[in-house]
Amino acid sequence: MKTSYELYGAPTGNCIRAAIALEEAGLPYAVRPVDLASGEHRSAAYLALNPAGKVPVLIERQQNVPPVVIAQSNAIILYAAERPPGRLLPDDSLARSVVYERFFFFVTDVIAVSHAAFFLRGAGVPAGQTLLVERMLAALESAERYVSDSAYMAGKTFSIADIAAFTITQSVKSQLPWARLPNLRRWYEQVEARPALARGLKAFDPG
């Protein structure tokens, strides 16, 4: 049974992570740009897909089967990781648990804190923003230990942990003390060179 995927989104960190996951999982998909500036994410058509009015949204379609709609970036990443041929999660249960542990570290201790800092900036609370940015950067710098003896964030193979780690690292790379983070730098450059990841980064580029 033929399966097709559509990824609705915009050039945001959450959408780019979802696109990278689809690329790295080897799942062909069509990009459906959502114009946030014009409020397209608040249109009736889009709210029918995601009542929260947020991006991204993934739709999986199969003939004669109701479409599957997933409206949360981390859920999309996990969904892509579990599709055959299963490139983003190891088969071994112990190794898989390490991947999950590292993935959620970046999602909760780094990315979520960064999002909160962004909200405080918009709310006009600079002191709170500064505090959270410092906390986020400290957590990210601590990931140096994850790649001190491993090629990737959760072991010998690329995984969803690397997707979460890379996009947030890229967004703050000018603020990191790279001289003190040789392993993180080596990891970053290695991941940055991956063709599938590069395609995902550009998924929502204009044109």
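So here's what we get for this one:
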read-out	value
Only listed residue being hydroxyl-bearing (Ser, Thr, Tyr) and assigned to a loop (DSSP other than H, G, I, E, B), chosen from Ser150, Ser174, Ser142	Ser150
Condition broken by Asp35, with the remaining ones in (1) of a type in the set (D, E, K, R); (2) out of contact with any His (no Cβ under 9 Å at 6 or more places or on another chain); (3) outside any helix (DSSP H, G or I) satisfied	(2)
Matching option when the condition is of a type outside the set (Phe, Trp, Tyr), under 20 Å from the mean Cα position of the chain (by Cα) and more than 30 Å from Pro28 (Cβ to Cβ), among Ala71, Ala138, Ala81	Ala138
Candidate set from region 13-47 (those that are of a type in the set (A, V, I, L, M) and without any contact (Cβ under 8 Å) to a residue 60 or more places away in the chain); member that is surrounded by the most Cβ atoms within 10 Å (Cβ to Cβ)	Val34
Unmet requirement for Pro66, which otherwise passes all of (1) over 25 Å from Ser171 (Cα atoms); (2) modelled with pLDDT of 95 or more; (3) in a strand (DSSP E or B)	(2)
Flag if Phe103 is assigned to a loop (DSSP other than H, G, I, E, B), under 15 Å from the mean Cα position of the chain (by Cα) and within 27 Å of Gln190 (Cβ to Cβ)	no
Output for region 177-198, where each listed residue is aliphatic (A, V, I, L, M) and either within 18 Å of Val99 (Cβ to Cβ) or in a helix (DSSP H, G or I) (or both)	Ala179, Leu184, Val191, Ala196, Leu197, Ala198
Any hit, region 93-102, residues being under 21 Å from Ala198 (Cα atoms), surrounded by 15 or more Cβ atoms within 10 Å (Cβ to Cβ) and modelled with pLDDT of 95 or more	no
Test: residue in region 146-163 that is out of contact with any Phe, Trp or Tyr (no Cβ under 9 Å at 6 or more places or on another chain) and over 26 Å from Glu23 (Cα atoms)	yes
Filtered residues of region 129-150 (kept if in contact with a helix residue (DSSP H, G or I) (Cβ under 7 Å, 6 or more places away or on another chain) and closer than 22 Å to Tyr100 by Cβ)	Met136, Ala139, Leu140, Ala143, Glu144, Tyr146, Val147, Ser148
Test: residue in region 61-74 that is farther than 23 Å from Thr3 by Cα, loosely packed, with under 11 Cβ neighbours inside 10 Å and not aromatic (Phe, Trp, Tyr)	no
Residue in region 155-172 that is among the aromatic types (Phe, Trp, Tyr), modelled with pLDDT of 95 or more and more than 18 Å from the chain's Cα centre (by Cα) present	no
Test: residue in region 121-128 that is assigned to a helix (DSSP H, G or I), within 17 Å of Gly13 (Cβ to Cβ) and either assigned by TED's automatic domain parsing to the domain that holds Pro28 or touching a helix residue (DSSP H, G or I) at 6+ places or on another chain (Cβ under 7 Å) (or both)	yes
Residues being crowded, with 19+ Cβ neighbours inside 10 Å and not aliphatic (A, V, I, L, M) - total across region 156-180	6
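The values are calculated or read from the model by the stated rules, or taken from the named source; none is laboratory data. In this text, all values refer to a predicted model and were calculated from it rather than measured experimentally. Because the Cβ atoms are built from the backbone with ideal geometry, glycine has one as well, and the counts that use them run over all protein chains shown.
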